[in-house]
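The values are calculated or read from the model by the stated rules, or taken from the named source; none is laboratory data. Treat the numbers as computed from the prediction; the structure is a model and nothing was measured. Glycine gets a Cβ as well: all are built from the backbone with ideal geometry, and neighbour counts include every protein chain shown.
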Amino acid sequence: MRDLVLLLPDLAVLLVRLVRDPNVPFGSKAIALLGVSYAVSPVDLLPELLLGPFGLIDDLIVVAAALSRIVNNVHPDLVRAHWSGQGDALDAIRRVTAWAESFLGSVLARVLGFRRVREG
């Protein structure tokens, strides 16, 4: 989980870059903006101030949910072009969404809108 939480800044930057890209559909931009807004908001379900690194779990889940909804609506090369992290962007997103789905359970993950990241 520690490795996944360390991906959070890169994933948030990816969302911001996707919001700013004119090739990303408006609906995907709105989802990305919601994900980033939650991640930077001081109001959380699990506050970092009280829980330390464990307080980042809810941020990671929200960012993962946003990305899992977005990456299937934009070209994979567009996602990769905005990735500032190490390795392949889609692999990182797959790892985070798979962890979040297992952490939440499949029913709750579907309610939050998690989708399998397509190959590409």
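Overview of results
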{"read-out": "Residues located in region 11-49, provided they are under 15 Å from the mean Cα position of the chain (by Cα) and among the aromatic types (Phe, Trp, Tyr)", "value": "38"}
{"read-out": "Qualifying position, being assigned to a helix (DSSP H, G or I) and in contact with a helix residue (DSSP H, G or I) (Cβ under 6 Å, 6 or more places away or on another chain), among 14, 60", "value": "60"}
{"read-out": "Answer residue from region 14-61, given it is exposed (fewer than 15 other Cβ atoms within 10 Å of the Cβ) and small (Gly, Ala, Ser) and is modelled with the lowest pLDDT among those", "value": "52"}
{"read-out": "Pair list, Cβ < 9 Å and 6+ apart or interchain, from region 71-93 residues that are outside any helix (DSSP H, G or I) to residues that are of a type in the set (Asp, Glu)", "value": "74/21; 82/21; 83/10; 84/10; 85/10; 86/10"}
{"read-out": "Residue 105 vs. criteria at positive phi and modelled with pLDDT under 85", "value": "yes"}
{"read-out": "Complete set of residues in region 65-77 that are buried (at least 16 other Cβ atoms within 10 Å of the Cβ) and within 19 Å of residue 21 (Cα to Cα)", "value": "66, 67, 68, 69, 70, 71, 74, 76"}
